[in-house]
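Data block below; observations after.
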Amino acid sequence: MNIKQFVWACAGAAGMFLSSCGDATNLIGPNLLPDEDRITVYADTFRMTASTVKIDSVFAKTVNGYLGEFYDPLYGRLKSDYLCQFYCQENFRFSRTPYEGKIDSVFLFLEYAGWTGDAHAPMEIQIYPVTRQLDRIYYANIQASDYSDMQNPLASQAVSASNGIISGIQAISTTGDTSYYYSFEIRLPVELGQKIYDETQQNPSTFRNQETFNQFFPGLYVTTGYGSGTVFHMSDTRMAVVYQYAETSSTGADSLISVYEMFRPTKEVIQLNRFENTDTEQLLEDNADCTYLKTPAGIFTRLVIPAQEIREVVQGRMINNLPLTLKYLPQEDWLYALAPPSHLLLLPEDSLASFFENGNIENNIISYISTSDAVSSPNASGEGYNPTSRTYSFNNIANLLNYHLVVSPDEELRMLAVPVSRVYQTYSSGSYYSSGSTTYYTTAIHPYLAPSGLKLRKDNMQIVILSSQFTNK
């Protein structure tokens with residue numbers, strides 16, 4: 001049975017159940033139906049098991065990047081960098097003619113929306129030319145040396161998060177706080193810009209489309225040299241080719257005006273993010289108290305629900321409700337301790353790769369996204385966890401268990417709790433005269449790639465399943 005068949009089967013069963021009884025849980029008290037059409041409700045307790053697992057490589061398809069190096073005493077070392085192509089419009093030409101055909105300068109603007117670690121830690125950014133076309137391999141275990149000329153750097157510059165230039169407003173929160181974008185300005189060799197301009201004049205077919213441009217200019221590798229203590233959350237990478245052109249005024253006098261042509265990575269081109277994680281072996285050791293999650297390291301928590309035991313107990317019943325709440329331990333109290341990820345995704349272990357490769361979102365059948373409150377429906381809030389109770393909640397995963405019992409009745413249900421970031425939109429049912437309510441709709445789910453660490457408690461592994469059964473007399 002495929003998912004569509006299962007959905008129709010669930011819909012039919014749910015319709016039959018709802019038409020028979022408006023609120024089955026009330027049958028635990030007084031009877032609301034005739035004796036010949038009674039529904040009995042059961043509450044059974046089972047225990048999950050949990051362990052820490054590591055996935056071979058992290059899926060990292062994104063136009064954003066992470067740059068830097070950071071060490072955490074518990075979660076180990078992380079080094080992040082990226083290789084990127086630059087978008088070029090079809091049949092590109094310079095908007096003006098450079099004065100005397102000369103390019104003045106080339107700058108790389110590295111914009112970041114925040115950082116993890118020490119804002120004052122010094123670090124060296126290094127830029128290398130990409131010499132081979134990037135492959136559409138969106139897993140983060142690639143070797144930069146396979147694509148780049150590591151013997152001939154284009155530029156390097158010492159930076160720290162605190163000396164970035166404010167380049168824009170990121171968001172204004174409900175508290176009135178303002179968040180900013182920051183950027184570094186790195187000068188690249190002027191020969192790079194001159195080469196691009198000369199090519200537009202001598203071989204305009206190079207700019208016929210993105211593919212021909214990539215062959216001419218495969219991109220840049222942005223990495224770090226010396227220094228650690230900070231990972232920048234990159235929001236944009238822009239390359240500006242600066243030049244002057246002559247303009248004649250109304251008086252007949254010529255003046256030189258500076259302009260630029262801008263190139264940047266977009267969704268149409270490839271950006272390959274790389275992550276190197278070391279000193280994580282202790283996270284994979286058996287721990288009686290907790291399991292671990294670390295990003296961007298592919299270290300997740302495996303949850304195993306005893307499906308065979310459940311099948312024997314609930315045989316002949318309809319499984320109606322299976323709420324799941326995962327509790328986590330407090331974060332470490334040292335300086336720059338890693339924060340929890342914004343959301344957790346829950347899905348069968350064998351569905352992980354296809355979920356991200358296909359660009360899926362939660363369907364509340366075999367994949368679920370966490371909320372801050374188990375009472376809320378999956379789309380009722382933009383929050384993915386509750387920092388006060390330290391919980392990630394999944395309202396009702398009964399569909400997943402039912403699906404598993406249909407397609408794999410002789411196997412335990414093995415799930416992964418995976419850190420993700422959720423992109424959503426809101427819809428308000430209010431009007432000019434009333435406030436109404438707000439519903440949050442998921443539009444995309446991406447692997448959580450910011451540095452984060454989490455310890456899920458093992459003393460909270462009990463699950464309670466509500467099931468029901470018709471009793472005919």
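The values are calculated or read from the model by the stated rules, or taken from the named source; none is laboratory data. Keep in mind that what you see is a predicted model, and the values were worked out from it rather than measured. Every residue, glycine among them, receives a Cβ derived from its backbone with ideal geometry; neighbour counts consider all protein chains shown. These area figures cover heavy atoms from the full protein model, side chains too; ligands, DNA and RNA do not enter into them. Shrake-Rupley method; radii C 1.70, N 1.55, O 1.52, S 1.80 Å.
Suppose R0 equals 51 Å; then what is the FRET efficiency for LYS267 and ASP333 from their Cβ-Cβ distance, rounded to the nearest 0.05?
Details: r = 40 Å, r/R0 = 0.79.
The value I calculate is 0.80.
Less than 5 angstrom separates the built amide H of LEU344 from those of SER370, VAL420, all sequence-distant by 5 or more or on a different chain. Shape class for the range 215-329: prolate, because the ratio a/c of the largest to smallest gyration tensor axis (alpha-carbon atoms, square roots of eigenvalues) is 1.5 or more and a/b beats b/c.
Accessible area of TYR424 (1.4 Å probe, protein heavy atoms only, ligands and nucleic acids ignored): about 90 Å².
Please give the FRET efficiency for ASN363 paired with ARG136, using the beta carbon to beta carbon distance and R0 = 25 Å, rounded to the nearest 0.05. Each step should come with its number before you reach the end.
Values: r = 26 Å, r/R0 = 1.02.
It comes to 0.45.
Legend: residue pairs LYS294/LYS455; LYS61/LYS267; LYS79/LYS458; LYS79/LYS294; LYS267/LYS294, Cα-Cα distance threshold 20 Å; pairs beyond threshold, LYS79/LYS458; LYS267/LYS294. Shown here for the range 71-122: GluC sites (Glu not before Pro) in loop regions (DSSP other than H, G, I, E, B) with at most 13 other Cβ atoms within 10 Å, namely GLU90.
Where only DSSP H runs of four or more residues are counted, the chain gives -4000 deg cm²/dmol as its mean residue ellipticity at 222 nm, each run worth -39500 (n - 2.57). Gain on full extension, evaluated as 0.36 nm per residue between VAL375 and ARG77 minus their Cα-Cα distance, stands at 103.5 nm. In this simple spin-label approximation, ALA119 and ASN152 carry label points 7 Å from Cα along the Cα→Cβ vector, and these lie 4.0 nm apart.
Given a Förster distance of 30 Å, report the FRET efficiency between GLU281 and GLN308 from their Cβ-Cβ distance, rounded to the nearest 0.05. All intermediate terms of the calculation are to be shown ahead of the outcome.
Details: r = 32 Å, r/R0 = 1.08.
That pair, GLU281 with GLN308, gives E of 0.40.
Round to the nearest 10 and give me the degree value, 0 to 90, for the angle of helix 398-407's Cα axis relative to the longest principal axis of the chain. Rounded to the nearest ten degrees, it is 80.
Using a 1.4 angstrom probe with every protein chain in place, what is the largest-first accessible-area order of ASP149, ASP254, ASP56? Walk me through the numbers before you get to the answer.
Details: ASP149 45, ASP254 110, ASP56 150 Å².
Listed by decreasing accessible area, they come as ASP56, ASP254, ASP149.
Rolling a 1.4 Å probe over the protein chains gives ARG208 an accessible area of about 120 Å². Under the combined filter of DSSP loop state and at most 12 neighbouring Cβ atoms within 10 Å, the range 266-335 retains these trypsin sites (Lys or Arg not before Pro): LYS267. For the chain, the Kirkwood radius over C-alpha pairs fed into Stokes-Einstein at 25 °C and 0.890 mPa s yields D = 95 µm² per second. Using a probe of 1.4 Å on the protein chains alone, the accessible area found for ASP410 is around 110 Å². Under 17 Å from a point 7 Å along the Cα-to-Cβ line of ARG187: which residues of the range 93-121 have their amide N that close? Answer for this model: 103-110. The distance separating the Cα centre of the range 77-96 from that of the range 222-250 comes to 11 Å.
Please sort 152-165, 212-225 by packing, taking for each peptide the average over its residues of neighbouring beta carbons within 10 angstrom, highest first.
On the way: 152-165: 15.9, 212-225: 19.6.
Descending packing order for the listed peptides: 212-225, 152-165.
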